[in-house]
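The values are calculated or read from the model by the stated rules, or taken from the named source; none is laboratory data. The shown structure was predicted, so the numbers you read here are calculated from the model rather than taken from an experiment. A quick note on method: Cβ atoms are made from the backbone with ideal geometry, for glycine too, and the neighbour counts reach across all protein chains shown.
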Amino acid sequence: GKSDGKGQFRFFDPALSATLKSKARLKHGLLEAIEREQFTLYYQPRVDTHTGELLSMEALLRWRHPALGMVSPAEFIPLAEASGLILRIGEMVIDMACAQLAAWQRAGARVVPVSINVSPKQFKRGGVKHQLTAALHRHGVAAALLEVEITESAMMGDQDEIIAELAAIRSLGVKLHVDDFGTGYSSLSQLQRLRMDVLKVDRAFTAELGTSREGRVFFQAIVSMAHALEMSVVAEGVETEQQLDILRALKCNEVQGYFIARPMPADDMQVMMERRFLL
Ligand code: C2E
Ligand code: CA
Ligand code: CA
Ligand code: CA
């Protein structure tokens, strides 16, 4: 195989050799998945905490594996990132999301914005703004219908290129979300400098809402900080009615999670657009 010669000594460790083999197999599988168009996007609604109105949705990647069935991105994104394949996959995700938005529009659906997850590797390589502009143009979709999620940890430290690219993307009219907020220790001044539009609070904090007073205090602090910076707040991973009630009391704007709806194929999502009020 292609990895021969790089680490032959590893064959002395059977466990490591097996891992390498399966990694090589996984990488080969990912290449095949790109070529055979086995990737698809699922969509998960985000709704207004008070009215339950569908406001936007997140595109989540799925691999329709011929033998294994639907494979979660948690299984393959890490290797895609390590191997550089995320650059091709990421560009494909941008195109697929724009193509779907155009298809919904042609079908006369009441379309709401779609946010896509962009890997820090894509930002490091650069050209994300160009890919977004090209895909929007190719499919005839307004920039206001596309949003970008970037994890809090990807923006930490001195990431001047990432910051410049984010500003350029925002100037297109594409909203920026801080993903997994609360896990990366970013500072208030950083958030202000970055001019992000939406804070997505990591689901670990949503999970604590019903169990501890500290959890609610923490969430409350995030909400007031975000609102002071004119950012909207999304609670991720809302699984119970009790969590939803607390989030209403805390004036968190938007909620996303299994309690509202699981990620679903585009056709099912179109039905949700018709229903409009999902709570
Ligand atoms: P994420 O961006 O934090 O996405 C949210 C994850 O939480 C999704 O997992 C979603 O299905 C799951 N989730 C939603 N609601 C609930 C809930 O109520 N309870 C629980 N326990 N989980 C919930 P998924 O789809 O498996 O994606 C996992 C991660 O893979 C994503 O985490 C994101 O980091 C990454 N990912 C997904 N799609 C893409 C993509 O197109 N590009 C890149 N670079 N990464 C992606
Ligand atoms: Ca996300
Ligand atoms: Ca997240
Ligand atoms: Ca996450």
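Given the criterion modelled with pLDDT of 95 or more and touching a Phe, Trp or Tyr at 6+ places or on another chain (Cβ under 7 Å), identify the matching residue among Glu241, Glu236, Glu274, Glu254.
Numbers: Glu236 fails: touching a Phe, Trp or Tyr at 6+ places or on another chain (Cβ under 7 Å); Glu274 fails: touching a Phe, Trp or Tyr at 6+ places or on another chain (Cβ under 7 Å); Glu254 fails: touching a Phe, Trp or Tyr at 6+ places or on another chain (Cβ under 7 Å).
Result: Glu241 is the single residue among Glu241, Glu236, Glu274, Glu254 that is modelled with pLDDT of 95 or more and touching a Phe, Trp or Tyr at 6+ places or on another chain (Cβ under 7 Å).
Of Phe205, Phe218, Phe181, which residue is surrounded by 15 or more Cβ atoms within 10 Å (Cβ to Cβ), within 13 Å of ligand 4 (Cβ to nearest atom) and farther than 29 Å from Leu132 by Cβ?
Details: Phe218 fails: within 13 Å of ligand 4 (Cβ to nearest atom); Phe181 fails: farther than 29 Å from Leu132 by Cβ.
When all the criteria are applied, what remains is Phe205.
What are the residues in segment 192-202 that are more than 16 Å from ligand 3 (Cβ to nearest atom) and either at pLDDT 90 or above or surrounded by 18 or more Cβ atoms within 10 Å (Cβ to Cβ) (or both), if any?
Step one: filter segment 192-202 for residues more than 16 Å from ligand 3 (Cβ to nearest atom), giving 192-195.
If the condition is that a residue be more than 16 Å from ligand 3 (Cβ to nearest atom) and either at pLDDT 90 or above or surrounded by 18 or more Cβ atoms within 10 Å (Cβ to Cβ) (or both), then Leu194 is the only one that fits.
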Residues that are away from ligand 2 (no atom under 13 Å from the Cβ) and assigned to a loop (DSSP other than H, G, I, E, B), drawn from segment 161-183: Leu172, Gly173, Val174, Gly182
Tabulated pairs, segment 263-279, first among the basic types (Lys, Arg), second surrounded by 11 or more Cβ atoms within 10 Å (Cβ to Cβ), C-beta under 6 angstrom, 6+ apart or interchain: Arg276/Leu54
Just checking, does segment 93-114 include any residue being free of Cβ contacts under 8 Å to residues at least 60 places away in the same chain, crowded, with 20+ Cβ neighbours inside 10 Å, under 14 Å from the mean Cα position of the chain (by Cα) and closer than 26 Å to Ser22 by Cβ? yes
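Assigned to a helix (DSSP H, G or I) and either crowded, with 21+ Cβ neighbours inside 10 Å or of a type in the set (Val, Ile, Thr) (or both), is that true of Ala144?
Working: assigned to a helix (DSSP H, G or I): yes; either crowded, with 21+ Cβ neighbours inside 10 Å or of a type in the set (Val, Ile, Thr) (or both): no.
In short, no.
Which residue is modelled with the lowest pLDDT, if the candidates are limited to segment 206-233 and must be assigned to a helix (DSSP H, G or I), small (Gly, Ala, Ser) and over 19 Å from Ser189 (Cβ atoms)?
Of segment 206-233, the ones assigned to a helix (DSSP H, G or I) are 206-208, 213-228.
Now restrict to residues that are small (Gly, Ala, Ser): 207, 215, 221, 224, 226, 228.
Narrowing further to those that are over 19 Å from Ser189 (Cβ atoms): 207, 215.
Values: Ala207: 96, Gly215: 92.
Per the stated criteria, the residue is Gly215.
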